[in-house]
């Protein structure tokens, strides 16, 4: 709280004081009062005025500085009301009252929106379970009646499945609630499941799935990690180069305090100017625009999920040469001791 | 006639039930569809299947609850087949006593491999304790990875073992390249189309060395058959 601004707000008090003081002086002169009386009473006047001006200033300054500082220091500034002690002055009490009401109405609003969000998420989950039944039936039918369904049907069904999964994990990862279970997970198993799921796509596109030395365990949710890895593998398939020896190479680097999963391909790569934005929502970049196959959601959801699980995800690329994605899992020493 | 494992399907979507039982019957299993969900437990005990495919969302009783009450009575292997893809549900199902957990929509080849694996693990498969398979006069030792006839013994590579074991388990039936591919990838052998072709011709040559020419026949656009 700046004094100059406070003074400006209280300028009227100063003016009233000057006017009163002027009138007083006139009265003194009119009655030919002794000079020493005028000086001493002027002095008292001045002191009184200063007190009237300064005491409320210091009191208010304490209150408002506190309020402002707390607001800035809190990561959720709307909780500032909780940090205030109940004020003993009427003016501040009104402010407190108003803040309280505002807070209350905002909380009601937020909880209403949270509720509708939760409803929506539940609906999406239910819808996905419903839609998976005809999808599963179609997959079985395409297998049982090979004469009626060719390989293309299978690949299209797979795409459908991928998009459905994307919605499911988007709903899960955007939700504030904890929807995952972290436990010790075999990386080789996750990599195998992703490979099996995308086998047809990989073979169809003549991309070698090279898996090197991945017998490591990490702390994660295996289903979530499977989805994350699938987004990366899907991208590698989508953005492969037209060369003979296309590959996706998956390897693990095990260090003292972390395990790094590396997924490398020799596809078309990502333009340097696009690289920083690949994890942004709905970002498709030049590759996406050129191939028209991108929703810009896969990596965004993957990044979100990594953040929730506490993994780091990073990307490196050189156009027309390679793309490398690194997922870093922290090791938990405490967990090791428990074993 | 080989013993056919009885598999019970507990699932309320009729179309899926029919397609599942078709898939199972095509692969030498006897499929039984549970009709009376009200008396599910009794029906199961009465039929005493070798394995149960159980969906979580079934009428009258929740799949997990059914599994819990089943486990009080019997150890019949159960594979949860569900559309809920979540680690939490999987952990719950396993803790209730499920032997495996597969999410819809599943790849049929993978489903069959999982069924085979669970049956093997639970030791009621017809060849569960046999480490040695036989093909005509040829002896196939899976753990050692060798084929032997009379005094000639040949070593097979890991890929050849997987392929030969799969063909042998589907004797006299056409096996698609897709199925072989899935079996290989399921064993973390991520081979490509060329490698599969090479592996099969190597296996053929090894069988030829033991005197079995044309044991593995190629059926155009369909796959291979061991006969």
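Points worth noting:
- When the P(r) is computed for the range B:132-226, the part past 19 Å accounts for 34% of the Cα-Cα pairs.
- Each label point was placed 7 Å from the Cα along the Cα-to-Cβ direction; for residue B:157 and residue A:110 their separation is 6.2 nm.
- Alpha-carbon Rg with Dmax, taken over the range A:3-85, Å: 20.2, 66
- In this structure, residue A:46 and residue A:95 have a Cβ-Cβ separation that, at R0 = 35 Å, corresponds to a calculated FRET efficiency of about 0.65.
- Its Cα gyration tensor gives the protein assembly as shown an equivalent ellipsoid. The semi-axes, each the square root of 5 times an eigenvalue, are 73, 29, 20 Å from largest down.
- Based on Cα contacts under 8 Å between residues 6+ apart, chain A shows a relative contact order of 11 percent.
- Mean silhouette area of the range B:5-121, derived from the convex hull of its C-alpha atoms and averaged over all directions, reads 6.4 nm².
- FRET efficiency, residue A:256 to residue A:186 (Cβ-Cβ, R0 22 Å, nearest 0.05): 0.60
- An ellipsoid equivalent to the range A:181-338, defined through the eigenvalues of its Cα gyration tensor, has semi-axes of 26, 18, 14 Å when rounded to whole angstrom and sorted largest first.
- Take each residue of peptide B:187-199, count the partner chain Cβ atoms within 10 Å of its Cβ, and average: the result is 3.
- Using only Cα coordinates, the Kirkwood hydrodynamic radius of chain A works out to 26.4 Å.
- Taking each DSSP H run with n ≥ 4 as -39500 (n - 2.57) and averaging over every residue of the protein assembly as shown yields -17500 deg cm²/dmol at 222 nm.
- Residue B:221-residue A:307 FRET efficiency (beta carbon distance; Förster radius 51 Å; 0.05 resolution): 0.60
- Mean Cβ count within 10 Å, highest first, over the residues of peptides B:191-201, B:105-115: B:105-115, B:191-201
- Size descriptor for the range A:138-197, Kirkwood hydrodynamic radius: 14.2 Å (Cα pairs only, one decimal).
- Available extension along the chain between residue A:314 and residue A:78 is 81.6 nm, counting 0.36 nm per residue and deducting the alpha carbon span.
- In terms of overall dimensions, the C-alpha atoms belonging to chain B reach 59, 31, 29 Å along their principal axes, ordered largest to smallest.
- Sorted fewest first by neighbouring Cβ atoms within 10 angstrom, B:204, A:241, B:219 come out as B:219, A:241, B:204.
- Chain B - percent relative contact order, Cα under 8 Å, separation 6 or more: 12
- Normalising the Debye intensity of the range B:49-109 to I(0), with uniform scatterers on Cα atoms only, and taking log10 at q = 0.18, 0.25 Å⁻¹ returns -0.57, -1.09.
- Using distinct alpha-carbon pairs, which all enter the 1/r mean, Kirkwood radius of the range B:129-185 in Å: 11.9
- The range B:132-226, relative contact order [Cα under 8 Å, separation at least 6], %: 26
- When each of B:134, A:185, B:82 is scored by the number of other beta-carbon atoms lying within 10 Å, the sequence from fewest to most is B:134, A:185, B:82.
- Between residue A:2 and residue A:174, the simple label model (points 7 Å from Cα in the Cβ direction) yields a spacing of 4.3 nm.
- The equivalent ellipsoid of the range A:231-310 has semi-axes of 23, 19, 10 Å, largest first, where each one is the square root of 5 times an eigenvalue of the Cα gyration tensor.
- Modelled spin-label separation between residue B:193 and residue A:30, with each label point placed 7 Å from Cα along the Cα-to-Cβ direction: 11.4 nm.
- The alpha carbons of the range B:166-212 occupy a box of 30, 21, 15 Å along the principal axes, longest dimension given first.
All of the numbers you see were taken from the coordinates with simple rules; none came from a lab. If you're wondering where the values come from, they're calculated on a predicted model, not measured in any experiment. Note: ideal-geometry Cβ built from the backbone for every residue, glycine included; neighbour counts use all protein chains shown.
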